[in-house]
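Take a look at the structure set out below.
The values are calculated or read from the model by the stated rules, or taken from the named source; none is laboratory data. Model, not experiment: these values are computed from the prediction. Please note: Cβ atoms are built from the backbone with ideal geometry, for glycine as well, and neighbour counts cover all protein chains shown. These area figures cover heavy atoms from the full protein model, side chains too; ligands, DNA and RNA do not enter into them. Shrake-Rupley method; radii C 1.70, N 1.55, O 1.52, S 1.80 Å.
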Amino acid sequence: MFDPFIAPSGTLLGLLQRGRGDGTLHALAAPRAEALAALNHCVLSDPRHDWQVENRSLYYARLYLDLDGGIEEIEQHLSDPDDHIDTDDSRTGLALAVLGHLASYGRSDALALLRRYAATGANWAWALDELALRDDDAGLRTLAVPVLARFPDTEEGAAELAAAVRDAFEPRPWRLWADDPRETVGARVRSASEQGSFDRWQRQMRPGGPRPGWSVQAVFDWAQQGLDRGTPLHVPAARCLTAVAGPDDRPTIVGAARSGPEGARCAALHYLSEARDAAVLDLIEAAAVSPSRTVADAAVAAFERMCGDAAVDRARIWARRPDALGASAAGVLACRGGDQDASLVLAALRDAVRGEGPDAQRLWTLVDGTGRLGIACAAPVLRHVYRETSSSQLRGRTARALAATDPSFATGFAVECLWDCEETTREVAALHAETGDIRVAERLRRLAADPAEEAEVQTAVRSRIGPDTPAV
């Protein structure tokens, strides 16, 4: 999947793509046709960089309800001939998830469209998972025949059906169909379920990798073989070394960490970092400038896994380095440093924003550390990250950091965060938003009454409007 185009943060489309609370507020104030056009664009062209960790579906579904929007464009998108050509989840997953939330709010048209797509669409498994959470038994039973028709009554079709049953995210439909008295339905599903369980048992009985009695060199060879296949095994190999290595093996492991083959060197670095060996920090420093990107990355990763005062002390020395190890050291200080490290964390935060922009991966740790250390003078940088990042997860972390560093948060960003796409961000807002704003009072009441809202958010809301709190 290509990185999506994200519109500027000052536009309605840009706000909705980011899932910001201001997106909903601006959409409700904009001409309805313009707001629906922007909303449909987001739903049909998923704006998330990583759909597995970023939420948008409930956010967009709620806006469809607020705008009284139809689902005609979603239907057209799902029925397009491209559906059977571009079968990547990113093309239809968001639209199907939005339909699922609309169905849970009582939209019968969304429920009907999900049923039709589960019967005929390429991404039928996702639609079936949505229906498993929302549809009644009768509705799910009607889908047994069209879904099973996707799997021919052949040996290959039986294997594909067994994999589908085994890997189903929501098993409810398959359990219903297993009880179907028809031979072509119930018997097939039961047989597929048994085969999936047998396949899982076989995999458990034939584990790959090291066995008891392996030597240190055998573990190193296994790590190198994995690297040659394109499957890094540094971390599991380090765990294996923990089981097979004795005191007499230390010179061999240190030698591998200093100048061994790539697979062995990476595994040895991870092992020594977990063992807190006295030599590991110097070995990591040397490996971090290795011409091998694999070794350099493994050295940084090994350092990040280290605990203890020695790692923090060395991080204070390395944090000013202009390379990946320096960035990692700043992250270690953000996570485990003390008040004396605030200036280093702040400098790294500013450098990351200037050099890599508001979506830099290392900002996640630095933003968390800024909030943990309560670095008040970081608030202007945090506000910039909040406005500009396209990652709703990073924006949520930034909101938590602002709550700890910015006195204006309660009357500023916390208000819009009540409409944010991420439940953790709404939870922060519910705890901090100034209730003197009439919008806040009304929104808290609505979140408390919404059955689709997460329990953690509603708990935070009730802490603000409970019987022992001032009237909202």
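Applying the selection to the range 350-392, what residues are open to solvent by 10 Å² or more (accessible area, probe 1.4 Å) and either among the small types (Gly, Ala, Ser) or touching an Asp or Glu at 6+ places or on another chain (Cβ under 6 Å) (or both)?
The answer is Gly355, Gly357, Pro358, Gly371, Gly374, Ala376, Ser391.
Considering only the range 280-287, I want to know if a residue exists there that is open to solvent by less than 50 Å² (accessible area, probe 1.4 Å) and either in contact with a Gly (Cβ under 9 Å, 6 or more places away or on another chain) or at pLDDT below 90 (or both).
Checked against the condition, which is being open to solvent by less than 50 Å² (accessible area, probe 1.4 Å) and either in contact with a Gly (Cβ under 9 Å, 6 or more places away or on another chain) or at pLDDT below 90 (or both), the range 280-287 yields no hits at all.
Checking Ala401 against (1) of a type in the set (A, V, I, L, M, F, W, C); (2) out of contact with any His (no Cβ under 9 Å at 6 or more places or on another chain); (3) open to solvent by 10 Å² or more (accessible area, probe 1.4 Å), only one condition comes out false. Which one?
The number of the failed condition is (3).
Just the residues that are part of a helix (DSSP H, G or I) and either closer than 13 Å to Val461 by Cβ or open to solvent by less than 30 Å² (accessible area, probe 1.4 Å) (or both), please, taken from the range 414-429.
Ala414, Val415, Glu416, Cys417, Glu423, Thr425, Arg426, Glu427, Val428, Ala429 - these are the residues of the range 414-429 that are part of a helix (DSSP H, G or I) and either closer than 13 Å to Val461 by Cβ or open to solvent by less than 30 Å² (accessible area, probe 1.4 Å) (or both).
What number of residues within the range 180-190 are open to solvent by 70 Å² or more (accessible area, probe 1.4 Å) and assigned to a helix (DSSP H, G or I)?
Result for the range 180-190: 3.
Output the residue which, of all residues in the range 316-341 that are more than 28 Å from the chain's Cα centre (by Cα) and assigned to a helix (DSSP H, G or I), is nearest to Asp297 (Cα to Cα).
Looking at residues that are more than 28 Å from the chain's Cα centre (by Cα) and assigned to a helix (DSSP H, G or I), I get Trp318.
Any idea how many residues of the range 360-389 are within 22 Å of the chain's Cα centre (by Cα), at pLDDT 95 or above and within 29 Å of Ser57 (Cα to Cα)?
13
Every residue in the range 21-45 that is touching a residue at least 12 places away in the same chain (Cβ under 8 Å), more than 17 Å from Val98 (Cα to Cα) and not in a helix (DSSP H, G or I), please.
Matches in the range 21-45: Ala30 only.
Identify, by number, the condition in (1) more than 27 Å from the chain's Cα centre (by Cα); (2) under 24 Å from Trp419 (Cα atoms); (3) assigned to a helix (DSSP H, G or I) that Leu94 doesn't meet.
(1)
Looking at Ala144, Ala118, which is the one that is of a type in the set (A, V, I, L, M, F, W, C), within 20 Å of Leu102 (Cα to Cα), surrounded by 15 or more Cβ atoms within 10 Å (Cβ to Cβ) and in contact (Cβ under 8 Å) with a residue 12 or more places away in the chain?
The unique qualifying residue is Ala118.
Considering only the range 235-258, I want to know if a residue exists there that is part of a loop (DSSP other than H, G, I, E, B), closer than 23 Å to Trp214 by Cβ and of a type outside the set (Lys, Arg).
yes
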